[in-house]
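S.K.: Let me begin by handing over the structure; questions about it come next.
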Amino acid sequence: MKLVRSLVICCLCSVVFGFGALVPVCSAGPAVSRVKVTVVTDEADAVLAILAKRKTNQAIAESDWQRVFASEGYVRLKKRETAMRRSFEDADFKAFVLTDALAARAESLAETLTSWKSADVVRAANLALAYLPKRARLQAKIYPVIKPRENSFVFDLDSDPAIFLYLDPTMMKDKFENYLAHELHHVGYGTACPSTSTSEAIAQLPQNAQTVIKYIGAFGEGFAMLAAAGGPDVHPHATSDAANRARWDRDVANFDNDFRKVEKFFLEVLAGQLTEAQINETVSTFFGEQGAWYTVGWKMCVLIERTFGRRTLIDVMCDQRKLLATYNRAAARFNRRTRASLPLWSPSLLAALAKPTVRGTGERAKEERGKGKGERVTGEYPFPCSPLTVAATCFGRRQPL
């Protein structure tokens, strides 16, 4: 049976979960939903049913295959692969499901899916919301899927946000919850940041400065790491194995060097010294497994939160013209207090990202200075994305596409 586990977190509202049902129990008064997340396991359930039949030498009927191909997870997975201009044929998927290699993993896959179904999705959503503006909304469908490519990604953010998670037996339930919180943070961020007024102000900057601000958005990976962990005092890989924690610690220890590499990249973009291909190549190296966008971004966010508080951190991440300057203020204060020598972003870089000054005292100037108060947000995702490459360049870098 298809499991659809839904949740709605609302004001004065609790939820009761069931198979294929959601019963909200609310107190009197209006309920304003901030979260609507659905975990859909129909594709994985259908594939596992076929593997179970194969194990017991039962005949696999055409109806078994149609259950797979008609499942919501499979239909949307196929749509995504087609959008990425990849071949994804039913006959090829059949061949994959019938491989001996997949049959050998059937038991571990079934155990993993059962574990993931019991994950605390509410907690993951709350972790994401704690590091988002109050206007942020989390709406997404989560698809644990069994498929040939061992990658995870997001899809269709504009109309029906989906997070596809490769069903990985090495990912325990607590790590699944951490991963989910990370990706939900990205989804929620896109509903709230930047504001219309911030987008309009950025649009008035020189094109090269706009490009730099776009790539500053990639530090959102570190922001999401902080949110998914639950705060600056929790190791970002608390739910990971020892090898991944050690790798993260080694990379964070290389903060100063990675910081300077990113700064060099930003300055070269400002100076117009890089081609589009060179920009894309450099950006990709900073993703890596969890490269500078993660580690440098995380350490900057931690320092800003510890120095100025979480609200300031959220504000500057939503207006990333302010991020580097705010980090500099926090780092300078930290350096004075501890006699450390954290690196600072160059003054020329900060100057290029400064908000244009509105001159004059007339009605026009007052109107310009007052823009943005109470405005709705654009819902744009500030990372270096395009509709077809969002999954490749913005999410799921832990595994290649």
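Readers should treat all values here as calculations from the given coordinates under stated rules, not as data from a laboratory. Treat the numbers as computed from the prediction; the structure is a model and nothing was measured. Methodologically, a virtual Cβ is constructed for each residue, glycine included, from the backbone with ideal geometry; neighbour enumeration extends over all protein chains shown.
S.K.: Using Cα pairs closer than 8 Å and at least 6 residues apart in sequence, work out the relative contact order for the range 196-287, in percent.
M.R.: RCO, the range 196-287: 30 percent.
S.K.: Quick one: compute the contact order of the range 106-246, relative version, from alpha carbon pairs under 8 angstrom and 6+ residues apart, as a percent. Write down the numbers at each step before the final one.
M.R.: On the way: 160 pairs, mean separation 40.7, N = 141.
About 29 percent, as a whole number.
S.K.: Where does each of MET171, MET84, MET300 land when they are ranked from fewest to most other beta-carbon atoms within 10 angstrom?
M.R.: The fewest-first ordering by Cβ neighbours comes to MET84, MET171, MET300.
S.K.: Another question about this same structure. Among 62-68, 260-266, what's the highest-first ranking by average C-beta atoms within 10 angstrom per residue?
M.R.: Result, highest mean Cβ count within 10 Å first: 260-266, 62-68.
S.K.: Here's something else I'd like to know. Extending each Cα 7 Å along its Cβ direction at ARG245 and ASP233, get the distance between those two points in nm, one decimal.
M.R.: Rounded to a tenth, the inter-label distance reads 1.8 nm.
S.K.: What is the packing order of peptides 238-245, 191-198, 309-316, 224-231, taking the mean over residues of other C-beta atoms within 10 Å and listing the highest first?
M.R.: Answer by packing, highest mean first, reads 224-231, 191-198, 309-316, 238-245.
S.K.: Taking the Cα centre as origin and putting +1 on Lys and Arg beta-carbons and -1 on Asp and Glu beta-carbons, what dipole magnitude results for the range 196-378, to the nearest 20 debye?
M.R.: Once rounded to the nearest 20, the dipole reads 880 debye.
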